[in-house]
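Okay, so here's the structure we're looking at.
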Protein chains: 4
Amino acid sequence: MTASEAVTSALRGQAIELPSWAFGNSGTRFKVFPQAGVPRTPQEKIADAAQVHRYTGIAPSVALHIPWDTVDDYAQLADYARHLGVRLGTINSNVFQDNDYKLGSVTNPDPRVRRKALDHLLECVDIMDATGSRDLKLWFADGTNYPGQDDIRARQDRLAEALAAVYERLGPNQRMLLEYKLFEPAFYTTDVPDWGTAYAHCLKLGDKAQVVVDTGHHAPGTNIEFIVAFLLRENKLGGFDFNSRFYADDDLMVGAADPFQLFRIMYEVVRGGGYAPEAGIAFMLDQCHNIEPKIPGQIRSVLNAQEATAKALLVDTEALEQAQRAGDVLGANAVLMDAYNTDVRPMLAQLREQQGLDADPMAAFAASGYAEKIAADRVGGEQAGWGA
Amino acid sequence: MTASEAVTSALRGQAIELPSWAFGNSGTRFKVFPQAGVPRTPQEKIADAAQVHRYTGIAPSVALHIPWDTVDDYAQLADYARHLGVRLGTINSNVFQDNDYKLGSVTNPDPRVRRKALDHLLECVDIMDATGSRDLKLWFADGTNYPGQDDIRARQDRLAEALAAVYERLGPNQRMLLEYKLFEPAFYTTDVPDWGTAYAHCLKLGDKAQVVVDTGHHAPGTNIEFIVAFLLRENKLGGFDFNSRFYADDDLMVGAADPFQLFRIMYEVVRGGGYAPEAGIAFMLDQCHNIEPKIPGQIRSVLNAQEATAKALLVDTEALEQAQRAGDVLGANAVLMDAYNTDVRPMLAQLREQQGLDADPMAAFAASGYAEKIAADRVGGEQAGWGA
Amino acid sequence: MTASEAVTSALRGQAIELPSWAFGNSGTRFKVFPQAGVPRTPQEKIADAAQVHRYTGIAPSVALHIPWDTVDDYAQLADYARHLGVRLGTINSNVFQDNDYKLGSVTNPDPRVRRKALDHLLECVDIMDATGSRDLKLWFADGTNYPGQDDIRARQDRLAEALAAVYERLGPNQRMLLEYKLFEPAFYTTDVPDWGTAYAHCLKLGDKAQVVVDTGHHAPGTNIEFIVAFLLRENKLGGFDFNSRFYADDDLMVGAADPFQLFRIMYEVVRGGGYAPEAGIAFMLDQCHNIEPKIPGQIRSVLNAQEATAKALLVDTEALEQAQRAGDVLGANAVLMDAYNTDVRPMLAQLREQQGLDADPMAAFAASGYAEKIAADRVGGEQAGWGA
Amino acid sequence: MTASEAVTSALRGQAIELPSWAFGNSGTRFKVFPQAGVPRTPQEKIADAAQVHRYTGIAPSVALHIPWDTVDDYAQLADYARHLGVRLGTINSNVFQDNDYKLGSVTNPDPRVRRKALDHLLECVDIMDATGSRDLKLWFADGTNYPGQDDIRARQDRLAEALAAVYERLGPNQRMLLEYKLFEPAFYTTDVPDWGTAYAHCLKLGDKAQVVVDTGHHAPGTNIEFIVAFLLRENKLGGFDFNSRFYADDDLMVGAADPFQLFRIMYEVVRGGGYAPEAGIAFMLDQCHNIEPKIPGQIRSVLNAQEATAKALLVDTEALEQAQRAGDVLGANAVLMDAYNTDVRPMLAQLREQQGLDADPMAAFAASGYAEKIAADRVGGEQAGWGA
């Protein structure tokens, strides 16, 4: 197999998971702008996600958010997804939207609220059993807004207790992915603010607890690819929530704000063995298409991730290692940049055609009439959204 | 008049404007937590604001947000406020919540939307005529999320055109205050992102256009007191939107995150002559009490601002200037810190008692039973909020 | 002329100015690592700069730093440069390295120090007369480290006074470029911390005072291309100090940290008419090659700037404008990204060959033996450096 | 013992370690401004440090930097210190100033350089044996400036190997403190960039490896007190390098930039049991007095730390816990702020007088004539500095 064939082969196996909520309405605290054709049910979200897979070929699964995607029969929902050519993926818990959670969920000073939050998390594992999902993604909005508001350490104790209870409940083929975030919605302390905190908790829990990196959840200036490399070295990287940002957790389309950063991240994934299927890394999108149309926004994001991956795979690792070992700063940098500066779009177009896909997924979807159809069909009912 | 009497006298004249929207529900894109007793009408908001003035004695006016505070008869609303011991203040325009504004208001590429936004701004001046308000506060959510989305320069042209039209409409005793903000809700470009942009536009418009500094709207590391000093030197500081933040536009209670910064800002205000009534600086709060009760949250904020002001007034300016001129780095710093480290609470308690107020506004309000009363009375109807 | 020919023609006219000090030793406060062959004299710096021009064809001038590049006879130095195929460019003033400047130069509380600093600036104009330089670049390290240390406003008065005196001294074809920087070496206030401050001063001075944008001098999250677009619209952009950074003023090779940002900046330059020779924008590098070899570091930087420019020129402005006007968020973004994603290296290699240059400047310089020659020849004497 | 007596008693036991290098010249890459009377030898640095202890009573030890403070006979140096009323403290290793370290020390791609760096670290433990020091502080300037320059993961392997070798060498009563820093002098990756990285390495090494928190080494917006609380909960907080900053690693006097943050940090120290002597936390200063006089700068810093500690000890923990448990956001915040807003200076003045010290250390030192004496005496020789 030539180097080029190896790259193509690796790209063929790529799988990016789509978030069901990216197809619903989203916005900022200032305004949520509704869009025509937005899904009203989990089924409609899955149908839209299936479109993304149909045109890109590398988005075979859909993550659910509970309770946003609550249904009576998850097995049936899984069947429905299969029927559309995709499958159900990660289960995302939501313990930030009940009025009880104003001062926190699993870290709330009130034991009744903590119990309620924990019950929700356990219920999510029940749903995983029904959907056959491997991963439970835990993001906690928990934190405080004012110095003194609550005890930082006591909240860690409560967090550890809840995580242990969920961990106990996991089945043999299930994992929990703990997400960290610097701030928002909490504005003074966040109970899992950085990778170190998530890592320390996961380490104590065991092998089925892994850290998930949301690319928009860091302090300004944080070197994300370093974290990726470090967690891979520690066997503690569970997955990604991809998106991009210029400022805070902007949740823009991945690759839109800093495509070079995305490339560097993907390079470290490849370098650290994280791209191999057996590594079990979950590559997920987590974005808000506040002003752009949802389905094309997801297609563009998947393509951006694919292009960055292709470039990462193109790096001449032998030449790179040689330059690094020689202390050749400019030479080593040049090897990396050579891959980044390559226009991989022709190669990816060809790959698609080999797979029976349209060379240009954006154009193909636009030409399909699907957007017009759902705008016409989905009249009445309540459009899905975050329900803030 | 002794130095101490001068400080007391200056504090007696302090006036901080409250935002009507701080009494309604607010939150983040993840969740708005409702609170019992929250106002349902502009009248109820004003009634709550009057409570803050009743216990602090330095919050005599209330800013309105249009259309959140739209009423049929503004003169009647002004009467109602007067009857409660306060008056109507700044009119805040809102051109970010109509579906038409998804890609901007006055900078929208569509001329129809621009016209609609401008009409709203002009209507706000009509309301100012009715309420007798001096200031129109302009904050634009306008910007773009993606590189290339719109033309940065063309948007400036459109902005300038709209501002000029509003400026033309102002009465002889009316001003427009242009607010800037780094990001949110726009995540790539914001059309008025920094003080320099606001300043440049105001300079061209004329004396009735002034810059307003929202303390939460800056890039990390920005020295806000420098901006205050600079704008005062240029006679272009129109006012403040006070709040505090640890990360982005957190909109926490002013003085809660960095009381030393608030003191430094107030020192520059005093230093630059901005505290004198004739300077016409509008001192306003603009905050979100997402998790703390609204009225006590406003009282605490007013007290925090008052304490910072008292400390700023206590600076021994003669000793400071002498140390500065001598290049005595530590000596000059010590003079400033001496004022900051002073516990001004006893002095302020005494001042309140001299004015017939309770020495402890927080305790007095808590003991008043007002919170319990509104929680019991305000049943039914729709609680005010941002309506995102 | 086809679109492609127009791009090539525009690229042919590109001119990037090199800083003489980039060829000397540089480092951080922790360590300056010396390199073999580093110049010991202004002449040797110019000789090295000429090498960069020799292989890139677009670096025809060298900026001087006074007193680092002080010589007895500037006309002779200019002749020497011409003889090597380059010319002397911008004169950079240095009022931060004399012991007297500990508390500032032109803003120092001590009038004697201010006078000394002003005299240096005026002497720099004398040198401009001798070298035939058009631009005087003014960067002030002035500021304070501690709150209270000096009076913010008084320092602005002193700054304004000095700038006015220098402005008066400028000849009819001379300009002053005022540079801003958020922090370092001052750590509390900086007297020209942002573009707004520089702009306001330049506006008062007149047409010969322009703002210079150093791409490493902003707060985290600042949108630099917005500033570029804004200053161009105001006819107040005088030039650039190009470099790149991940954190603060890292002074890395331009395009190394965020090539997409560099592209966006160059796009706004082109869009705003700043790329036209008659716009008079000075495109300068200002970098530290702390660990990489100096000459190749400059060549790489020039190539990075050239590639970004080529991509910016490739943007299909008609398609872009159409998408923008239509409010097509994804479409407009795609037009911009299409240019960015293009691999322009073959086109630039071809352009070089048409100009009689080697297609690969890095390889050609490496093969030339120049680096080995200067390492062998430049023995003894004192290597040039910042002299901190 | 009353609450007040408990506070006083706790304050009596406070011990802050001074860095020898704070008495030498320091600056930025732009300029080091020398000061009169600056020490030329380790002995003179210790003599100056002893002055700080003499007037504050809570600075009984001095940290050394090797090789800056290399002497022939460390036992003799320890005697000398004892004679002056202080003792030698932490040993700081320096593996960033040899020309060999351009691309790193223990993570250098070249095994020869790694060996050299490790030998230096081991030599530092030898010195600890001689001085009787408990702690070896490890800060590595190691990192890369350009993407691709070196392999992130391989550098972690090399780091782990070196740390293990040093750990092995530690005596039974010795510890190693691993320091992290976001950036500078490395500008792309740093090999120990955050607390998570330091924590993960220390965890693997064992109980004698602990994390040290330098308050100036974080990304903007990082909540340092959270890290302190977390590390204390994990028994992995070894000590502090105190200083303050507005922007990056400004190394200003502790408490100068954000006294409220310092208070919050000290509150978490007290809360987590870290203030108790048996906790073994090393409270050290690490600052640069670039423009202020060195000894007064250290005295002021020690006083700032003392004031913050006094306020932290004054927090009514019972009332705080009650409010926290009740979910009383404003009440809990008010308890904390009540302590912060207290003017503790009279209490501390009284404490000093009880201890036979002058109530005002700054004034007492100024009146002592020591500064004038060293300026007159220390003529000739080479002033100590960082030697960059």
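Key figures
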| item | result |
| --- | --- |
| Copies compared at C:PRO111 - label distances in nm, ascending, label defined 7 Å from Cα in the Cβ direction | 5.9, 6.9, 7.5 |
| Selected from C:PHE365, C:PHE23, C:ALA334, residue furthest toward positive end of dipole (chain C; charges at beta carbon) | C:PHE23 |
| Dipole in debye (nearest 20) - the protein assembly as shown, about Cα centre, beta carbon charges: Lys, Arg +1; Asp, Glu -1 | 0 debye |
| Beta bridge orientation in chain D: antiparallel %, DSSP, nearest 5 | 15 percent |
| Nearest residue to the symmetry axis between D and A, taken on chain D by its Cβ, in whole Å | D:GLY196, 1 |
| The protein assembly as shown - accessible surface per residue (Å², probe 1.4 Å) | 32 Å² |
| Per-selection metrics, the protein assembly as shown (Cα): Rg and Dmax in Å | 31.7, 92 |
| Chain B: most fluctuating residue of B:ALA279, B:ALA364, B:ALA326 per GNM, C-alpha cutoff 10 Å | B:ALA326 |
| Euclidean distance between Cα centres, segment A:221-277 to segment A:52-93, Å | 24 Å |
| Rotationally averaged projected area of segment B:255-388 (alpha carbon convex hull; nm²) | 11.5 nm² |
| Amide H partners (placed H, <5 Å) of C:LYS137, local residues excluded | C:ILE91, C:ASN92, C:SER93, C:LEU177 |
| Other protein chain Cβ atoms within 10 Å, averaged over every residue that makes up B:196-204 | 4 |
| Reciprocal mean inverse distance between Cα atoms of chain B - Kirkwood radius, Å | 21.6 Å |
| Inter-chain Cβ neighbour average for residues B:25-38, partner chain, 10 Å | 5 |
| Under 5 Å, built H, 5+ apart or other chain: amide partners of C:LEU88 | C:VAL62 |
| Amide proton proximity set for D:PHE240, modelled H, under 5 Å, gap of 5+ | D:VAL213, D:ALA282, D:PHE283, D:MET284 |
| Teacher prompt: B:SER368 distances to equivalent labels in other copies, 7 Å Cα→Cβ, nm | 5.5, 6.0, 7.9 |
| Among B:GLN174, B:GLN324, B:GLN97: highest mean-square fluctuation, GNM of chain B, C-alpha pairs under 10 Å | B:GLN324 |
| Per-residue ³J(HN,Hα) for segment C:375-380, Karplus 6.51 cos²θ - 1.76 cosθ + 1.60, θ = phi - 60°, Hz, x for Gly and Pro | 5, 7, 7, 7, 10, x |
| Rounded to whole Hz, the Karplus (6.51, -1.76, 1.60) HN-Hα couplings of segment B:118-132, x for glycine and proline | 4, 4, 4, 5, 5, 5, 4, 5, 4, 5, 4, 4, 6, 8, x |
| 10 Å Cβ neighbours from other chains, averaged over peptide D:107-113 | 2 |
| Where B meets C: accessible area buried, both sides, 1.4 Å probe, Å² | 4500 Å² |
| Calculated [θ] (222 nm, deg cm²/dmol) that DSSP helices of n ≥ 4 give over chain D, each run adding -39,500 (n - 2.57) | -14500 deg cm²/dmol |
| Charge dipole (segment D:13-377, unit charges on Cβ, about Cα centre) - positive-most of D:LEU163, D:ALA323, D:PHE242 | D:LEU163 |
| Chain B: relative contact order as a whole-number percent, Cα under 8 Å and 6+ apart | 20 percent |
| Under 29 Å from A:LYS116, Cα to Cα: lysines that are on another chain or at least 8 residues apart | A:LYS45, A:LYS102, A:LYS137, A:LYS181, A:LYS204, A:LYS208, A:LYS236, B:LYS31, B:LYS294 |
| Dipole magnitude of segment B:35-139 about its Cα centre (Cβ charges: Lys, Arg +1; Asp, Glu -1), debye to nearest 20 | 300 debye |
| Cα-centre dipole for chain C with unit charges at Cβ (Lys and Arg positive, Asp and Glu negative), debye to 20 | 220 debye |
| Highest average packing first - C:200-213, B:283-296, Cβ atoms within 10 Å | B:283-296, C:200-213 |
| Inter-part distance where segment D:169-203 and segment C:321-388 are each reduced to a Cα centre, Å | 37 Å |
| Using a Förster distance of 30 Å, the FRET efficiency for C:GLU372-A:THR2 (Cβ separation, nearest 0.05) | 0.20 |
| Copies compared at A:ASP73 - label distances in nm, ascending, label defined 7 Å from Cα in the Cβ direction | 6.1, 9.2, 9.8 |
| A:ASP358, C:ASP135, ranked by accessible area, largest first (probe 1.4 Å) | A:ASP358, C:ASP135 |
| HN-Hα J in Hz across segment B:55-69 - Karplus 6.51, -1.76, 1.60, θ = phi - 60°, x for Gly and Pro | 9, 9, x, 10, 10, x, 9, 10, 7, 10, 10, 10, x, 4, 10 |
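The values are calculated or read from the model by the stated rules, or taken from the named source; none is laboratory data. Fair warning: this is a prediction, and the values are worked out from it, not measured in the lab. Quick reminder, even Gly has a Cβ in these numbers, built from the backbone with ideal geometry, and neighbours come from all protein chains shown. Heads up: the accessible areas ignore ligands, DNA and RNA and are worked out on the full protein's heavy atoms, side chains in. Shrake-Rupley method; radii C 1.70, N 1.55, O 1.52, S 1.80 Å.
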